[in-house]
Amino acid sequence: MRQFLVPSLILSSVLLGGFVTNAGFAINAPGGEPQTLPHYLVVPGAVTGDRTTGINGSFRLTQSSAPNGSPNYGIPGDQLGGACIIFRAQDLRYTNMAQQVCSTDEQCQTGEGQGYCQTSTKTCWARPIADPDPLCKKSGDSNPPQQWPVGQDVNISENPIPVGPYSLQPNAQAVVVALTRAKPSHKLKGVLTWGQPTTIP
C-alpha cells in the first residue's frame with residue numbers, strides 16, 4: 001500500500017451515504033476467478049496560496065489494474081469523483097462543531113456548515129455551504145458528469161479562491177479531501193481520501 005495513503009483513508013457517511021469500507025474486496029468473473037479491472041482512485045493534492053492572494057487545491061485520478069482491488073488502491077469506477085478544500089471547524093469559528101469529539105461525520109453536523117470527521121484525531125473539519133461552491137470541483141457539477149483524465153492534476157478552481165469571506169482564524173489549517181465514485185453496480189459507492197493539512201499564513 002502506498003505509504004501516503006495510510007493515514008488519509010477514512011469512512012464518510014455524509015458524502016457517500018455510509019457505503020464506504022476500507023476492507024479489501026475481489027471482483028469475480030462468472031467462473032469464480034478474480035477479474036483484472038481498472039481500479040481508480042482520486043488522490044488529493046496540497047492546498048496552495050495564502051489569505052492575501054487566495055488559495056487553491058488539486059487532485060489527480062490514478063489507475064491500478066490489481067486483480068483483487070481495495071479502496072487503498074482504487075475501486076472499479078467510471079473516472080468520476082472530485083475534491084473539496086475544507087478547514088478545521090475552529091478555524092471557521094464554528095464553535096459548536098469545534099467542541100465535538102467525533103467518530104462519524106454525523107457528529108459534526110451542527111448546522112454551522114458541512115462537517116467532516118477526521119477519525120484519526122476525532123476532530124471536526126468543515127466548509128461553508130454555498131451554491132455554487134468555489135471550494136469544490138466534482139464530476140456531478142456538469143451534465144453529463146465530467147470524467148477526469150488519468151494521471152493529470154486538476155485544479156479545484158480556475159482562479160485563486162478568496163478566503164476573506166470565511167473569516168479564518170490566524171494559522172488556519174486547510175486540507176483537500178478527494179472522493180472516488182464507484183461504478184453504479186458496485187457494492188461500494190465511493191471512497192473518501194484525505195490529503196495533508198496546510199497552514200494558511
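Mind telling me which of the residues L92, L188, L168, L135 ends up being at pLDDT below 95 and of a type in the set (A, V, I, L, M, F, W, C)?
Just one listed residue meets the conditions, L188.
When both residues are 6+ apart or on different chains and their Cβ atoms are under 7 Å apart, which pairs have a first residue that lies in the range 30-59 and is more than 16 Å from C136 (Cβ to Cβ) and among the acidic types (D, E), and a second that is at pLDDT below 95 and surrounded by fewer than 15 Cβ atoms within 10 Å (Cβ to Cβ)?
Once the first residue is more than 16 Å from C136 (Cβ to Cβ) and among the acidic types (D, E) and sits in the range 30-59, its partners that are at pLDDT below 95 and surrounded by fewer than 15 Cβ atoms within 10 Å (Cβ to Cβ) give D50/P201.
Can you confirm whether the range 173-183 contains a residue that is out of contact with any helix residue (DSSP H, G or I) (no Cβ under 8 Å at 6 or more places or on another chain), closer than 11 Å to L80 by Cα and in a loop (DSSP other than H, G, I, E, B)?
Yes, because at least one residue in the range 173-183 is out of contact with any helix residue (DSSP H, G or I) (no Cβ under 8 Å at 6 or more places or on another chain), closer than 11 Å to L80 by Cα and in a loop (DSSP other than H, G, I, E, B).
Determine which single condition S185 fails, assuming it passes every other condition in (1) touching a residue at least 60 places away in the same chain (Cβ under 8 Å); (2) among the small types (G, A, S); (3) more than 17 Å from L41 (Cβ to Cβ).
(1)
Examine the range 149-163 for a residue that is closer than 13 Å to V42 by Cβ, at pLDDT 95 or above, in contact with a Phe, Trp or Tyr (Cβ under 7 Å, 6 or more places away or on another chain) and not charged (D, E, K, R), and state whether such a residue exists.
The answer is yes; a qualifying residue exists.
For the range 171-193: of the residues being among the basic types (K, R) and out of contact with any strand residue (DSSP E or B) (no Cβ under 6 Å at 6 or more places or on another chain), which is farthest from W125 (Cα to Cα)?
K187
Filter the range 122-132 down to residues that are at pLDDT below 95 and not small (G, A, S) and give me whichever is nearest to T95 (Cα to Cα).
Within the range 122-132, the match that is nearest to T95 (Cα to Cα) is I129.
Suppose we filter the range 94-112 for residues that are within 20 Å of the chain's Cα centre (by Cα), surrounded by 12 or more Cβ atoms within 10 Å (Cβ to Cβ) and closer than 10 Å to K122 by Cβ; how many remain?
Number of matching residues: 2.
The values are calculated or read from the model by the stated rules, or taken from the named source; none is laboratory data. This structure is a prediction, so every number in the text was calculated from the model and none was measured. Note that each Cβ is placed from the backbone with ideal geometry, even for glycine, and that neighbours are counted across all protein chains shown.
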